[in-house]
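*Asks:* Pasting in a structure now, in structure tokens, and then I'll have a few things to ask.
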Amino acid sequence: MQSGTNLTSVRDYNELVILEAIRRKDALSRVEIAQQTGLTAQTISNVVKRLLNQGMIREDGKCATGRGKHRVQLMIRPDAGYAIGVQIERYETTAVIVDLLGRPVARHQQPTKQSEGADAVIQVVVTMIDHLMQQIGIARERIVGIGVACPGPLDHLQGIVHNSLGLVGWQNVPLKAILEEKTGLPVVVDRDATAAAIGEHWARRDEDIRNFAFFYVGGGIGTGLFLEKRIFRGSTTMAGAVGHMTLDPNGPLCSCGNRGCVGYTSDPHGVLHTLQEHLRQGATSNLTLSDLTGREDLAFEKVCDAAVQGDALALEELRSSARWQGYAILNLINLLDVELVVIGGPALDNAIGDLYIEEVRHVLQERLLGNNQRTVRVERTVVGADVGSIGAASLVLHTTYTPQLKALNY
Ligand SMILES: [Zn+2]
């Protein structure tokens with residue numbers, strides 16, 4: 001049985017097909033919609049009339065067809081609806097409001113007060129959402145819903161965050177239920193990497209990508225998977241947990257309890273730990289032990305800055321981290337045969353992101369199976385540092401406005 005959605009009323013399937021076709025191309029005529037969707041002129045005429053009446057789309061002038069004829073162009077009205085996206089990270093919580101095209105129109109960021117517990121963090125989220133809505137003066141009824149991205153493991157159907165490895169002290173928190181009660185709006189909850197993949201999919205709306213992976217580096221490493229044009233989460237919302245892929249069964253102990261995980265050799269926590277060891281053993285660097293302790297996101301930024309300024313130890317450690325991530329991505333591509341890997345997340349949204357791209361491409365050139373027959377693109381995110389929160393908002397839009405089989409009830 002397919003699960004349903006509580007986000008707004010489920011629209012007519014053909015309405016969603018036509019909305020999606022227009023959104024992907026910015027502007028389309030009725031004839032072009034027919035060519036792209038295979039729907040009849042009569043169906044298109046009826047649905048377009050409904051969408052115009054609802055204020056979802058508008059007619060925009062006329063476009064010459066080249067044979068002396070003119071066709072009316074149809075466009076999405078970006079202000080017809082908005083979605084809120086929230087990303088809860090270990091140190092910072094970010095909230096955005098995006099319009100119907102997934103473009104951010106407001107943003108707010110605050111420290112995540114983890115030590116005060118999940119209830120306090122959620123209360124901060126509620127206050128941030130109120131603040132954002134007041135800031136741009138959008139009425140509550142024009143908000144389609146709230147998407148929340150946070151580190152897993154979690155149950156995206158129930159919206160329950162289990163014993164999150166990224167949020168200390170979170171144990172089976174019913175995040176969706178609490179936020180829905182406090183805000184009166186529908187809420188969806190998903191892993192940060194999955195939200196990032198959806199954000200990327202929406203931002204690249206004119207690209208026709210069938211299979212891609214979003215390699216997300218925040219406090220830890222995760223992958224959001226978009227396979228056969230659909231989000232893939234696995235049976236327990238844990239698909240894509242590459243940060244805990246075993247690369248060396250006898251390697252160092254990871255926070256998950258296993259040894260030799262990808263994350264331990266290459267995520268910001270692992271990089272800081274290795275550099276601390278090097279400094280204790282007398283390695284030369286402009287970094288000091290105190291630079292490498294305290295808030296890990298800020299300490300990792302210092303490492304990236306040092307590398308950019310030519311610090312050999314920092315640069316070599318980051319190259320090593322990037323290569324290990326390259327091996328993880330290599331395994332992922334060999335397993336799933338994706339055509340694009342997008343690299344992003346708060347830790348790599350800086351000058352060092354290009355070094356990661358370079359090293360990953362190098363590993364793939366050397367080792368990827370079938371290198372002569374296929375090209376796998378490795379690119380930085382086009383969304384930027386807020387890909388988690390913008391992705392969370394896009395998740396709401398995706399669930400509400402993308403034609404999916406569940407809308408057909410089978
Ligand atoms: Zn692990």
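The values are calculated or read from the model by the stated rules, or taken from the named source; none is laboratory data. Just so you know, these numbers come straight off a predicted model, no measurement behind them. Neighbour counts run over all protein chains shown; Cβ positions are idealised from the backbone, glycine included. These area figures cover heavy atoms from the full protein model, side chains too; ligands, DNA and RNA do not enter into them. Shrake-Rupley method; radii C 1.70, N 1.55, O 1.52, S 1.80 Å.
*Asks:* Could you pull out the pairs from Lys113/Lys302; Lys25/Lys49; Lys25/Lys182 whose alpha carbons sit more than 28 Å apart here?
*Replies:* Lys25/Lys182
*Asks:* With springs only between Cα atoms under 10 Å apart, run a GNM on the chain and tell me which of Gly345, Gly159, Gly199 wobbles the most.
*Replies:* Of Gly345, Gly159, Gly199, the most mobile in the Gaussian network model is Gly159.
*Asks:* Cut-off 10 angstrom, C-alpha nodes, Gaussian network model of the chain. Which of Glu316, Glu301, Glu358 fluctuates the most?
*Replies:* With Cα springs under 10 Å in the chain, the top fluctuation among Glu316, Glu301, Glu358 is at Glu316.
*Asks:* About its Cα centre, how strong a charge dipole does the chain have in debye, to the nearest 20, once Lys and Arg get +1 and Asp and Glu get -1 at the Cβ?
*Replies:* Computed about the Cα centre, the dipole is about 1680 debye.
*Asks:* Determine the sum of side-chain charges near Ala322: Lys and Arg each +1, Asp and Glu each -1, restricted to other residues whose C-beta is under 12 angstrom from that of Ala322. Walk me through the numbers before you get to the answer.
*Replies:* Numbers: positive: Arg319, Arg323, Arg361; negative: Asp267, Glu316, Glu317, Asp354, Glu358, Glu359.
Overall, the nearby charge balance is -3.
*Asks:* Sticking with this structure for a sec: Apply 1/(1 + (r/R0)^6) to the Cβ-Cβ distance of Leu289 and Arg210, taking R0 = 51 Å, and write down the FRET efficiency to the nearest 0.05. Please report the intermediate quantities before stating the final value.
*Replies:* Details: r = 47 Å, r/R0 = 0.93.
The pair Leu289/Arg210 has a calculated efficiency of 0.60.
*Asks:* Picking from Val105, Val303, Val188, which is most flexible by a Gaussian network model of the chain using Cα springs under 10 Å?
*Replies:* Val105
*Asks:* Okay, next question. If you look at just the Cα atoms of segment 295-375, how large are its Rg and its Dmax in Å?
*Replies:* Computed over the Cα atoms of segment 295-375, radius of gyration and Dmax are 13.9, 44 Å.
*Asks:* How far apart, in nanometres, would the label points at Arg374 and Asn163 be if each is projected 7 angstrom from Cα along the Cα-to-Cβ direction?
*Replies:* Simple spin-label model gives 3.6 nm for this pair.
*Asks:* State whether segment 208-381 is rounded, prolate or oblate according to the following rule on the C-alpha gyration tensor (a ≥ b ≥ c being the square roots of its eigenvalues): a/c under 1.5 gives rounded; otherwise a/b larger than b/c gives prolate, and the remaining case gives oblate.
*Replies:* Prolate, since a/c reaches 1.5 and a/b exceeds b/c.
*Asks:* Short version: ³J(HN,Hα) in whole Hz for each residue of segment 274-288, in order, from phi by Karplus 6.51 cos²θ - 1.76 cosθ + 1.60 (θ = phi - 60°), x for Gly and Pro, what are they?
*Replies:* Listing the rounded values in order: 5, 5, 4, 4, 4, 5, 4, 8, x, 5, 8, 6, 6, 7, 10 Hz.
*Asks:* As a test, work out the antiparallel percent of DSSP beta bridges whose residues both lie in the chain, rounded to the nearest 5.
*Replies:* Details: 36 of 56 bridges.
So the antiparallel bridges in the chain amount to around 65 percent.
*Asks:* Just how far, in whole angstrom, is segment 194-220 from segment 339-360 if you go by their alpha carbon centroids?
*Replies:* That distance is 13 Å.
*Asks:* So how do Asp354, Asp311 rank on accessible area, 1.4 Å probe, biggest first, that is with the largest at the start?
*Replies:* Asp354, Asp311
*Asks:* Quick one: dipole size for segment 208-381, taken about the Cα centre, charges +1 on Lys/Arg Cβ and -1 on Asp/Glu Cβ, in debye to the nearest 20.
*Replies:* Values: 15 positive and 21 negative charges, 117 e Å.
Computed charge dipole of segment 208-381: roughly 560 debye.
*Asks:* Now for a separate question. Please report, to two decimal places, log10 I(q)/I(0) for segment 251-296 at q = 0.14 Å⁻¹ as given by the Debye formula with identical point scatterers on the Cα atoms and no solvent.
*Replies:* Once normalised to I(0) and log-transformed, intensities are -0.36.
*Asks:* Continuing with the same structure: Could you list log10 I(q)/I(0) for segment 13-76 at q = 0.13, 0.14, 0.17 Å⁻¹, which the Debye formula gives when each Cα is one point scatterer?
*Replies:* For the requested q values the scattering log ratios are -0.30, -0.35, -0.51.
*Asks:* Can you bin the chain into rounded, prolate or oblate? Criterion: square roots of the alpha carbon gyration tensor eigenvalues sorted a ≥ b ≥ c, rounded for a/c under 1.5, prolate for a/b above b/c, oblate for the rest.
*Replies:* Prolate shape, in that a/c is at least 1.5 and a/b is the bigger ratio.
*Asks:* Could you state the accessible area per residue of segment 208-381 in Å², with a 1.4 Å probe and every protein chain left in place?
*Replies:* Per residue, segment 208-381 has an accessible area of 47 Å².
*Asks:* Please compute the length gained on full extension between Gln42 and Glu358, using 0.36 nm multiplied by the number of residues separating them and subtracting their Cα-Cα distance. Let's see the in-between values first.
*Replies:* On the way: separation 316, 0.36 × 316 = 113.76 nm, distance 5.14 nm.
The span from Gln42 to Glu358 would gain 108.6 nm if fully extended.
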